[in-house]
1. Restricting to the stretch 10-23, count the residues that are open to solvent by less than 30 Å² (accessible area, probe 1.4 Å) and either at pLDDT below 95 or more than 22 Å from Thr47 (Cα to Cα) (or both).
2. So is Leu85 out of contact with any helix residue (DSSP H, G or I) (no Cβ under 7 Å at 6 or more places or on another chain) and over 21 Å from Phe145 (Cα atoms) or not?
3. Filter the stretch 104-133 down to the residues that are among the hydrophobic types (A, V, I, L, M, F, W, C) and in contact with a strand residue (DSSP E or B) (Cβ under 7 Å, 6 or more places away or on another chain), then identify the one that is farthest from Lys74 (Cα to Cα).
4. Of all residues in the stretch 87-111, count the ones that are of a type in the set (D, E, K, R) and open to solvent by less than 50 Å² (accessible area, probe 1.4 Å).
5. What residue, among those in the stretch 76-86 that are part of a strand (DSSP E or B) and among the hydroxyl-bearing types (Ser, Thr, Tyr), is surrounded by the fewest Cβ atoms within 10 Å (Cβ to Cβ)?
6. Pairs under 6 Å by beta carbon, first residue under 11 Å from Val80 (Cβ atoms) in the stretch 20-34, partner assigned to a loop (DSSP other than H, G, I, E, B) and not polar (S, T, N, Q), six or more apart or different chains?
7. Search the stretch 146-173 for residues that are over 12 Å from His98 (Cβ atoms) and open to solvent by 50 Å² or more (accessible area, probe 1.4 Å) and pair each with any residue that is modelled with pLDDT of 90 or more and among the basic types (Lys, Arg) when their beta-carbon atoms are under 9 Å apart and the residues are at least 6 apart or on different chains.
8. Mind checking which residues of the stretch 63-75 are open to solvent by 10 Å² or more (accessible area, probe 1.4 Å), touching a residue at least 24 places away in the same chain (Cβ under 8 Å) and not basic (Lys, Arg)?
Amino acid sequence: MGGDSFGQSKGHLIFTYGTLKRGFPNHGLMQSLIDQNDAVFLGTHVTLHSYPLVCGPNGIPYLINLPGSGHRVKGELYSVSTRGLGRLDELEGITLGHYERLPIQTQAEAEAEAYYAHRSFGEELWEKNGREGLSEYTEREASGFVRREDRPKDRSFVDEVRFFLSSSSSAPK
């Protein structure tokens, strides 16, 4: 095994709070990374600080980079190889303005990173949700998740968020 095998490179700590967690719709990617020795599950963790965690259009969860608002968020911590991190960044639409990977601390004092709602709409999502957030993304919220292939084809991910933010109805509780 050559190249960027997991044993030879320092893992990136990634805090997952939504669809990448075990038992949730996008965990298949994380499981694939684990199976390929590109990720290791480190356990359930809670954020050191409180953050808004809300659901947006298509039941997609978003952590919003407003420390001190919302709740401490329960999620899972993974150590991910550089190659695995590239696959996660692709899923999370980093280059497309969907999410931003930024630092976060867990109560176990792990210095990790998490995927936050992109700054271009994150705070608006918090307002749209009436500044009411979740402490954990659960099966209840995941039941409203719409897989990528089942979403409207005429709007991009960001267009869908903008449409959601401009609609007059409030977000589902």
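1. As a first pass, look at the stretch 10-23 and keep what is open to solvent by less than 30 Å² (accessible area, probe 1.4 Å): 11, 14-21.
Of the ones still in play, those that are also either at pLDDT below 95 or more than 22 Å from Thr47 (Cα to Cα) (or both) are 11.
Residues in the stretch 10-23 being open to solvent by less than 30 Å² (accessible area, probe 1.4 Å) and either at pLDDT below 95 or more than 22 Å from Thr47 (Cα to Cα) (or both): 1 in total.
2. Values: out of contact with any helix residue (DSSP H, G or I) (no Cβ under 7 Å at 6 or more places or on another chain): yes; over 21 Å from Phe145 (Cα atoms): yes.
Against the criterion (out of contact with any helix residue (DSSP H, G or I) (no Cβ under 7 Å at 6 or more places or on another chain) and over 21 Å from Phe145 (Cα atoms)), Leu85 qualifies.
3. Taking the stretch 104-133 as the starting set, the residues that turn out to be among the hydrophobic types (A, V, I, L, M, F, W, C) are 104, 108, 110, 112, 114, 117, 121, 125-126.
So of that shortlist, the ones also in contact with a strand residue (DSSP E or B) (Cβ under 7 Å, 6 or more places away or on another chain) come out as 104, 108, 110, 112, 114, 117, 125-126.
Numbers: Ile104: 12, Ala108: 12, Ala110: 14, Ala112: 14, Ala114: 12, Ala117: 17, Leu125: 20, Trp126: 18 Å.
Among them, the one singled out is Leu125.
4. Going residue by residue through the stretch 87-111, those that are of a type in the set (D, E, K, R) are 87, 89-90, 92, 100-101, 109, 111.
If we keep only those that are open to solvent by less than 50 Å² (accessible area, probe 1.4 Å) as well, we get 89, 92, 100.
Residues meeting the conditions: 3.
5. Of all residues in the stretch 76-86, those part of a strand (DSSP E or B) come to 76-80.
Those still in the list that are among the hydroxyl-bearing types (Ser, Thr, Tyr) too: 78-79.
On the way: Tyr78: 26, Ser79: 18.
If we take residues in the stretch 76-86 being part of a strand (DSSP E or B) and among the hydroxyl-bearing types (Ser, Thr, Tyr), then Ser79 is surrounded by the fewest Cβ atoms within 10 Å (Cβ to Cβ).
6. These pairs meet every condition: Met30/Leu20.
7. So the pair list comes out as Arg155/Arg162; Ser170/Lys128.
8. Taking the stretch 63-75 and keeping what is open to solvent by 10 Å² or more (accessible area, probe 1.4 Å), we get 65-72, 74.
Checking the rest, the ones that are also touching a residue at least 24 places away in the same chain (Cβ under 8 Å) come to 65-66, 69-72, 74.
Once the filter is applied, which keeps residues that are open to solvent by 10 Å² or more (accessible area, probe 1.4 Å), touching a residue at least 24 places away in the same chain (Cβ under 8 Å) and not basic (Lys, Arg), the stretch 63-75 yields Asn65, Leu66, Ser69, Gly70, His71.
The values are calculated or read from the model by the stated rules, or taken from the named source; none is laboratory data. Every value quoted in this text rests on a predicted model; they were computed, and no experiment measured them. FYI the Cβ positions are ideal-geometry reconstructions off the backbone, even for glycines, and counts take in every protein chain you see. Protein only, heavy atoms only, side chains kept; ligands, DNA and RNA dropped before computing areas. Shrake-Rupley method; radii C 1.70, N 1.55, O 1.52, S 1.80 Å.
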